[in-house]
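First comes the structure, then the notes that go with it.
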Amino acid sequence: MRPYVIINIAGSIDGKISDSARRQIRISDEDDLRRVDRLRAFSDGIMVGIGTVLSDDPSLTVKSKSLRYFRKIMGLEENPVRIVVDSRCRIPPDSTVLTHGEGKRILAVSERADKKKIKMLREKYPSLRIITAGNARVDFGVLMEKLWKAGIGKLLVEGGGEINYSLLQLGLVDEIRCFIGNIVIGGRDAPTMVDGDGFIDDFPEFGLSDIRRTEKGVILIWKKNP
Ligand SMILES: NC(=O)c1ccc[n+]([C@@H]2O[C@H](COP(=O)([O-])OP(=O)(O)OC[C@H]3O[C@@H](n4cnc5c(N)ncnc54)[C@H](OP(=O)(O)O)[C@@H]3O)[C@@H](O)[C@H]2O)c1
């Protein structure tokens, strides 16, 4: 068994999610930011790759006070479980995702991870759960099973392109929700919604389930089984 996996991502008109310097770019409009916040609040877990943590230093918290309050009265923690996929344990110890906001955190590493760094993180953050899955890179098959057992039924993946590719390659994605904003970023080295090695012939297919116009862009919801 595994969680229901939703990839959510914001791209420019030309499909880029950041610029060539991998700096965080504001692509979403206000409508989209509110939609993503609701999506976070109704998820059990939020996952990102270490590339996103190193570039953007996100908190991955629920921003709306009323949504946090709603989670509280439902008997939940203010924020879903936040999960960082980080084979080598490169996460900076003072990353915002570790220091900011209430709720559990999981660091998913592989056998390659620096054992001293893991020990230091365990001492600094006693509640941080560290899951080892895979030898070189994090094995998503193993990780998904462990997340399911940890009570994560609905998992929101918030990038980046490398993580998205690996999940799609393994057939582990049930939905892709993307916001296409009103800017062009360009640049052959700028990350896109799905990077990795790319697909050859066997392209993953999704059915268009919903399309919504916002102030400055459009939200598309694609489902594996619409
Ligand atoms: N616009 C948006 O919505 C949005 C959202 C998120 C991110 N971004 C942008 O995306 C960029 C970061 O994306 P990214 O693609 O570089 O990084 P990423 O997907 O966040 O993380 C990739 C890293 O995860 C680790 N990893 C561990 N196991 C893996 C596996 N099985 N498959 C793939 N990766 C695995 C690898 O590093 P190790 O081998 O060291 O573990 C890999 O380099 C930034 O520029 C950020 O601003 C944009």
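Points worth noting:
- Relative contact order [Cα under 8 Å, 6+ residues apart], the chain, whole percent: 32 percent
- Dipole check for segment 97-226: with +1 at the C-beta of Lys and Arg, -1 at the C-beta of Asp and Glu, and the Cα centre as origin, the magnitude is about 820 Debye.
- Comparing mean-square fluctuations of 184, 62, 48 from a GNM of the chain with C-alpha springs under 10 Å, the top value falls on 184.
- Accessible area per residue in Å² at 1.4 Å probe, computed on segment 51-143: 53 Å²
- Computed over segment 117-182, the Cα gyration tensor eigenvalues convert (square root of 5λ each) into semi-axes of 25, 15, 13 Å, ordered from largest to smallest.
- Of the trypsin sites (Lys or Arg not before Pro) in segment 113-206, those whose Cβ has at most 10 other Cβ within 10 Å and which sit in DSSP loop: 188
- Of the trypsin sites (Lys or Arg not before Pro) found in segment 48-103, those in coil by DSSP whose Cβ has at most 16 other Cβ atoms within 10 Å are 63, 88, 90.
- Using the 1.4 Å probe convention, the accessible area of segment 152-224 works out to 53 Å² per residue with neighbouring protein chains retained.
- Taking 160, 134, 187 in turn, the Gaussian network model of the chain (Cα-Cα springs below 10 Å) assigns the largest fluctuation to 187.
- Here the chain exposes an accessible surface that is 51 percent carbon and sulfur, computed with a 1.4 Å probe and the other protein chains kept in place.
- Cα-based radius of gyration of the chain once divided by 2.2 N^0.38 Å, which approximates compact folds: 0.98
The values are calculated or read from the model by the stated rules, or taken from the named source; none is laboratory data. Note that the structure is predicted; figures quoted are calculated from it, not measured. A quick note on method: Cβ atoms are made from the backbone with ideal geometry, for glycine too, and the neighbour counts reach across all protein chains shown. Keep in mind that these areas ignore ligands, DNA and RNA; they rest on the heavy atoms of the full protein, side chains included. Shrake-Rupley method; radii C 1.70, N 1.55, O 1.52, S 1.80 Å.
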